[in-house]
1. Given the conditions (1) closer than 30 Å to residue A:110 by Cα; (2) more than 34 Å from the chain's Cα centre (by Cα), report the number of the one that residue A:498 does not fulfil.
2. Any chance you could count how many residues in the range A:78-112 are within 20 Å of residue A:485 (Cα to Cα), small (Gly, Ala, Ser) and over 20 Å from the mean Cα position of the chain (by Cα)?
3. Only one of (1) buried (at least 19 other Cβ atoms within 10 Å of the Cβ); (2) more than 24 Å from residue A:314 (Cα to Cα) is not met by residue A:133, so which one is it?
4. Suppose the filter is modelled with pLDDT of 95 or more and surrounded by fewer than 20 Cβ atoms within 10 Å (Cβ to Cβ); does residue A:526 pass it?
5. What's the total number of residues in the range A:429-448 that are more than 6 Å from RNA strand B (Cβ to nearest atom) and not in a helix (DSSP H, G or I)?
6. So residue A:452 passes all but one of these: (1) assigned to a helix (DSSP H, G or I); (2) in contact with a helix residue (DSSP H, G or I) (Cβ under 6 Å, 6 or more places away or on another chain). Which condition number does it fail?
7. Which residues, taken from the range A:542-554, are assigned to a helix (DSSP H, G or I) and buried (at least 22 other Cβ atoms within 10 Å of the Cβ)?
8. Within the range A:516-537, identify whether any single residue is in contact (Cβ under 8 Å) with a residue 60 or more places away in the chain, under 30 Å from residue A:401 (Cβ atoms) and aliphatic (A, V, I, L, M), and answer yes or no.
Amino acid sequence: MIRSAITQAITTALTSLAAEHVSFTLERPGQATHGDYATNAALIAASLLHKNPKDIAQELCDALCAQHIEGVREIVVAGNGFINFFLSNAALLREVEQAAGEKTWAHSAYYQGKRVLVEYTQPNPFKPFHIGHLMSNTLGESITRVLTYASAQVIRANYQGDVGPHVAKALYVLLQQQNLKPSIAEIGEAYVKGNQLYEEHQADKEAIDALNKKIYEHSDPQVNELYAWGKRISLEHFEELYRILGTKFDLYFFESETGPRGIDIVRAHPEVFEFSEGAIVFRGEPYGLHTRVFINSHGLPTYEAKDLGLIELKRERCAFDVSITVTASEQTDYFKVVLTAAQAIFHDVAGKYIHRAHGMMRFASGKMSSRKGNVITGESLLHDLQEAAKAKMTGRDIPQEQVAEEVAVGAVKYAILKQHSGKDMVFDPEKSLSLEGDSGPYVQYAHTRALSLIRTAQKAGIQAGITDIPEELGILERTLVHFPEVVERAAQELEPHYITTYLTELAGVFNSWYAHERVVGGIYPSYGLLLVSAVESVLRQGLFLLGMSAPEQM
RNA sequence: CCUCUCGUAGUUCAAUGGAUAGAACGCAAGCUUGCGGAGCUUGUAAUGUAGGUUCGAUUCCUACCGAGAGGACCA
């Protein structure tokens with residue numbers, strides 16, 4: 001509210017200086033001593049008008065002061081032409097009260113009236129849930145939550161690969177073992193073994209390819225039965241992981257349904273595709289891209305064709321304004337080609353379908369072994385972190401299993417979301433296992449302390465309010481005020497890491513405040529309780545936006 | 001060979017063309033009969049190289065060096 005009032009005032013002031021077309025920023029200064037907001041409007045205007053920045057800044061400052069902006073205590077020219085705004089105590093108090101009590105305080109209207117489909121996670125039945133799926137889920141889930149705060153109507157979608165060579169590899173081994181009711185672990189092991197056989201023995205390779213064809217054709221009852229069982233077991237297992245990760249999907253798509261559609265679409269558009277060396281391809285070169293095969297020389301759809309089928313299916317199953325797909329960054333160029341081909345077919349793809357990439361997780365030491373073998377899956381990573389968290393809680397009278405799970409998920413998600421999406425990240429097991437410092441548990445712990453403090457204060461009969469306020473408000477209030485802007489920016493750029501950075505800062509400021517101030521038995525108990533309530537609310541909402549739990553105890 | 005992404009303290013990450021480049025881990029030194037110490041306080045240390053644009057460049061442009069990804073029947 002205050003922010004938009006200041007923006008409006010600057011626009012008015014610029015108009016009075018005949019510089020109304022200046023595009024300026026209103027940002028939070030790097031240092032608290034520079035005020036609560038700062039604008040570079042004078043610097044931009046000066047270069048356009050070819051005048052001295054400090055002179056323009058002074059004129060602009062005078063024009064702003066004349067407007068008496070509600071909630072602004074002081075406006076000063078600083079540095080080489082910045083204009084800094086200091087909020088009044090009354091305005092800060094109003095924000096703190098809203099942060100503590102107003103549920104929609106941090107919401108914006110950026111996606112008002114828009115329906116946004118977000119597709120993420122995309123694991124494959126019959127294969128392990130690996131770390132890439134964890135990363136896609138983490139980024140995708142956070143984006144959906146950030147979008148809801150921007151007033152979007154969000155549809156969560158998952159696209160799973162239930163057909164293809166990987167299925168045949170697993171089934172081949174299971175059939176050899178005559179294991180027709182395998183557990184999820186046995187399916188995983190069968191896939192690994194089948195993959196090995198496929199690579200090493202020509203006879204097995206041919207047999208697996210033949211089996212793959214049978215699966216597509218549904219021609220063998222025993223194969224069909226095993227396939228149905230295995231798919232069900234896999235999907236049930238994934239649902240358990242989604243529960244742990246905090247995701248509830250609205251729509252599911254499968255490659256078995258997008259494949260046939262993809263073939264039809266490609267064959268129906270000879271003006272877009274062309275035959276080449278027995279395959280059907282899309283030429284990307286005219287668009288600065290590369291050529292990709294959509295239907296291979298065996299007449300089978302590749303991922304490219306399947307993605308066209310998926311685009312069509314999405315349109316049929318729900319009306320949406322924007323569709324966001326979250327996958328690994330290695331698919332960035334691939335998606336450019338597919339979306340360019342899709343644009344030539346559906347004509348409204350550009351700008352409506354967005355690809356958002358997550359990076360790859362690398363390991364600092366490379367020594368983190370899963371319970372068995374060297375492959376670190378998403379599940380084994382969560383499990384190991386959970387064990388580490390449990391070890392930290394020995395002797396405490398709390399539901400350890402549950403809290404350890406929330407802390408473990410929080411630690412991984414925080415590590416993924418703390419940097420710009422799309423960048424590869426290095427995950428250091430030892431540092432992450434320490435669960436200290438710049439970590440998810442640090443933020444969760446700050447929230448838990450705030451909750452605990454609120455409980456204690458309420459037991460002592462303290463009522464939150466502004467009946468007793470200090471002369472000067474501090475850095476904690478001035479940090480709290482900026483939460484709604486951070487959330488809105490995260491929505492605009494689909495970048496949750498702004499929230500991660502902010503939360504860590506807020507947690508640090510709060511921990512510092514906590515070490516030096518007192519609520520129960522202090523000088524300002526009512527205001528103290530209000531302030532802590534505001535911190536608790538913002539930390540809780542921030543954790544929610546990242547897809548992390550806010551444990552009551554830990 | 002071509003295309004794209006990325007090079008910031010010892011390490012992992014921030015920074016909307018703007019003010020003294022901000023945190024955390026590590027290391028060094030402190031704080032506990034505490035409204036939860038998974039905490040707090042102080043110190044330490046960085047923009048790959050060379051140019052260019054600009055009043056101002058970690059940010060934009062060019063070249064080089066280095067890392068990663070992609071480049072026709074895998075996904």
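The values are calculated or read from the model by the stated rules, or taken from the named source; none is laboratory data. This is a predicted model, so every value here is computed, not measured. Neighbour counts run over all protein chains shown; Cβ positions are idealised from the backbone, glycine included.
1. (2)
2. The total comes to 6.
3. Result: residue A:133 passes all but (2).
4. yes
5. So the answer is 1.
6. (2)
7. Narrowing the range A:542-554 to residues assigned to a helix (DSSP H, G or I): A:542-546.
Correct list: A:542, A:543, A:545, A:546.
8. For the range A:516-537, residues in contact (Cβ under 8 Å) with a residue 60 or more places away in the chain, under 30 Å from residue A:401 (Cβ atoms) and aliphatic (A, V, I, L, M): present.
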